[in-house]
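All remarks here apply to the structure that follows.
The values are calculated or read from the model by the stated rules, or taken from the named source; none is laboratory data. Since this is a predicted model, take the numbers as computed values, not measurements. Every residue, glycine among them, receives a Cβ derived from its backbone with ideal geometry; neighbour counts consider all protein chains shown. Side chains are part of the model used for accessible areas, which takes the heavy atoms of the whole protein and leaves out ligands, DNA and RNA. Shrake-Rupley method; radii C 1.70, N 1.55, O 1.52, S 1.80 Å.
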Amino acid sequence: MSRKMASARITTASSELLTQLNNSLPFDKVLYAEDIEGSRAHAYMLGERGIIKKEDVAKIDSGLSEIKEKIENGEIVLDGDDEDIHMAIERHLTELIGDAGKRMHTARSRNDQVALDFRMFVQRNGLTIAELLLENIKTFIDVAQKNAKVMLPGMTHLQHAQPINFGFHMMAYASMFKRDYERFMSSYERNNLSPIGCAALAGTPHDVDRNLTAEKLGFDAPTLNCLDTVSDRDFALEILFNISTMMMHMSRLSEELIIWSTSEFGFVTLSDRHATGSSIMPQKKNPDIPELLRGKTGRVNGNLISLLTVMKGLSLAYNKDMQEDKEGVFDSVRTALLSLQVMNEMVADMTVNVDKMEAACMIGHLSATDLADYLVKESGLPFRDAYHIVGNVVNLAEDKGLDISELSLEDLQSIDYRIGEGVVALLDNRASMNARMSEGGTATVRTLEQVESLKVWLESMKVNNE
Ligand code: ARG
C-alpha cells in the first residue's frame with residue numbers, strides 16, 4: 001500500500017496500479033540534494049520572518065543534513081513507497097525530529113517545491129555542460145593550430161570542392177561548440193530566478209521573503225508571477241533543445257570521423273582506446289564511439305519532442321502531466337555529460353594522416369575555381385564565360401589523366417590564349433588554399449587568426465567564470 005501523506009481527503013488505500021502510475025520516487029530521487037538544499041533555505045527564511053520558531057529551524061536544518069548524509073552513505077535507501085522525493089524526505093525528517101518536521105511545508109506547496117528542485121538541477125547541469133564545452137573548444141583549437149598547413153579537400157555534397165586546411169575544418173567545429181556554449185549560458189542567465197514561495201499557484205498569505213530564499217540558493221531574484229512559475233517548464237525545454245543542437249553538431253563531426261577513418265579515405269586514425277573490434281572478423285577496427293555519439297542524437301531529440309508534447313495545451317497551473325518532465329531531462333543531461341567527455345578524448349587522441357589528406361587534394365581539380373577567378377580578374381571575362389573555358393581545361397586534364405594543377409602552360413594555352421604564365425603557380429593547391437584570404441577564409445594565416453581569436457575568447461571566459 002502506498003503512503004498517502006499528501007492527502008487528508010482520501011481515506012481508502014490506493015490501487016496498486018495507481019501507485020505504479022503515480023509515484024515518481026523511482027526517478028525523482030535524483031533530486032534529493034536539490035530538495036534538501038531548497039528545504040533548508042525555505043526553513044531558514046521561515047525562521048527569519050518569524051513564521052516558524054528558530055529552534056524548529058535548527059532541528060529541521062540538522063535533520064536535513066543528517067538525512068542527506070544517510071542517503072549518501074546508503075543508510076537511507078530511497079526505494080520506499082513514498083509518492084515522490086518531496087514526501088520521502090519530509091517523512092524521514094518527521095520520523096527523525098518529530099513535530100518540527102511537519103512545520104517545514106509551511107508557506108509552500110509541492111508545486112513550487114518541484115519547480116525549484118528541477119530548476120536547480122537544470123541550472124547546475126547547464127553550467128557543467130558549458131564547462132565541458134569549453135574544454136572541448138580548447139581541444140579543437142589545439143588540433144587546429146597544429147594542422148593549419150595540412151591540406152585536405154573541402155567538400156560540398158561530399159564531393160571534392162576546394163582545398164582547405166584541417167585546422168580550418170576543426171575551427172568550424174570550434175565555432176559550432178562556441179555557439180552551443182553561449183546558448184547554455186544564455187539559458188542559464190534567463191532562467192536564474194527562484195520559484196520558491198509561489199506555493200500552489202497564487203502565492204501565500206504568509207509574510208515570506210522570496211528574495212532571501214532566492215539569494216541563499218544562488219538565484220538572481222525571485223520569479224515575477226506565481227501562476228506562471230508553477231506552470232513553467234521552459235527552462236527544461238531550453239536545456240533539452242540546447243543539448244539536441246549540441247548533439248546534432250557532435251553527430252556531424254562523428255559522421256565525418258567515421259567517413260575519414262574508412263580505408264577509402266584514411267584521413268584520420270582513431271586511437272585504439274576509441275575503437276572496437278568485431279566478434280567474427282579479426283581484422284576489423286570499428287568506429288563505435290563516433291557511431292554511438294551520432295546515435296545518441298536520436299534519443300535526445302526524442303526527449304525534446306516528448307516534453308514539448310507533454311506541455312502542449314496544458315491549462316494553468318500545475319497538472320500531473322508535468323511529472324513527465326523529468327526522465328527525459330535526466331537522460332539528456334546524462335547523455336550530454338558523457339558524450340562531451342568522450343568527444344574531447346577522441347578528438348585529442350586521433351591521428352591526423354597528413355599524407356592521405358594531401359594526396360586526396362590531387363583528385364577532383366580542386367583549384368579549378370582559381371583559374372576562373374584569374375580569367376575574370378586578368379582578362380575581364382564575364383564569370384560565366386570563364387566558367388566554360390575552365391570546363392574545357394578540366395576535360396583536357398581528365399583526358400590526360402592529370403589533375404588540373406599538373407597541366408603545363410602549353411596545355412592550358414591550347415584551350416585559351418588568354419591564360420598567361422603565372423597561372424601554373426596559381427593552380428597549385430597550396431597556392432589556391434592560401435589565396436582564400438578573405439576574412440574567415442581558409443588561408444593558413446586566416447585560419448591561425450581564427451585560432452588566436454578563439455583563444456582570446458576562451459581566456460576571457462575563464463576570467464569571467466572565476
Ligand atoms: N511528483 C510531482 C512532480 O514531479 C511533484 C508535484 C506534485 N504536485 C501536486 N500537486 N501533485 O511533478
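Quick look at the numbers
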item: Sequence-separation-based contact order of segment 78-194, relative, with Cα cut under 8 Å and 6+ spacing, percent; result: 23 percent
item: Probe 1.4 Å - accessible area at T139, Å² to nearest ten; result: 20 Å²
item: Calculated FRET value between I363 and Y417, using beta carbons and R₀ = 30 Å, to 0.05; result: 0.55
item: For peptides 353-360, 107-114, sequence by mean Cβ density within 10 Å, most packed first; result: 107-114, 353-360
item: Cut-off under 5 Å, modelled amide H: who pairs with V268 long-range; result: S261, N353
item: Between segment 211-237 and segment 52-69, the alpha-carbon center distance in angstrom; result: 24 Å
item: Globularity index of segment 143-237, i.e. its alpha-carbon radius of gyration over 2.2 N^0.38 Å; result: 1.90
item: Backbone N within segment 163-181 under 13 Å of label point (7 Å from V354 Cα along the Cβ vector); result: 166-167
item: Full-extension gain in nm, E449 to S379, via 0.36 nm per residue minus C-alpha separation; result: 22.0 nm
item: Förster radius 51 Å - calculated FRET efficiency between V463 and E264, Cβ distance, rounded to 0.05; result: 0.65
item: Solvent exposure ordering (accessible area, 1.4 Å, most first) of F241, F330; result: F241, F330
item: Three-way shape label, segment 262-388, alpha-carbon gyration tensor, a/c 1.5; result: oblate
item: Over the chain: helical MRE at 222 nm, DSSP H runs n ≥ 4 each giving -39500 (n - 2.57), nearest 500; result: -20500 deg cm²/dmol
item: Ratio of Rg to Rh over segment 49-165 (Cα coordinates, Kirkwood Rh, two decimals); result: 1.36
item: Global geometry of segment 374-460, whether rounded, prolate or oblate, following the gyration tensor of its Cα atoms and the 1.5 cut on a/c; result: prolate
item: Where N is the number of residues in segment 171-291, Cα Rg divided by 2.2 N^0.38 Å; result: 1.71
item: Relative contact order (%) - criterion: Cα under 8 Å, at least six apart; region: segment 330-403; result: 26 percent
item: Difference of contour (0.36 nm per residue) and Cα-Cα distance, R430 to R299; result: 43.0 nm
item: Point-charge dipole on Cβ atoms (K/R +1, D/E -1) for the chain, about Cα centre, debye to 20; result: 880 debye
item: Value of relative contact order over the chain, rounded to a whole percent, pairs C-alpha under 8 Å and six or more apart; result: 16 percent
item: Accessible area of the chain divided out per residue, in Å², using a probe of 1.4 angstrom; result: 48 Å²
item: Environment charge at T139 (Cβ cut-off 12 Å; Lys +1, Arg +1, Asp -1, Glu -1); result: -2
item: Phi to ³J(HN,Hα) by Karplus 6.51 cos²θ - 1.76 cosθ + 1.60 over segment 88-96, Hz, x for Gly, Pro; result: 5, 5, 4, 5, 4, 5, 5, 4, 7
item: Pair-distance profile P(r), taking every C-alpha pair of the chain, with 20 angstrom steps and integer %; result: 20, 39, 25, 13, 3
item: Cysteines, the chain, no other Cys beta-carbon under 4.7 Å; result: C361
item: Accessible surface of segment 176-321 [probe 1.4 Å, protein heavy atoms]: carbon and sulfur percent; result: 54 percent
item: For segment 322-466, the Rg and Dmax computed from alpha carbons only, in angstrom; result: 23.5, 76
item: Separation of alpha-carbon centers, segment 118-138 and segment 285-335, rounded to whole Å; result: 17 Å
item: Centroid-to-centroid separation of segment 162-179 and segment 350-367 [C-alpha atoms, Å]; result: 16 Å
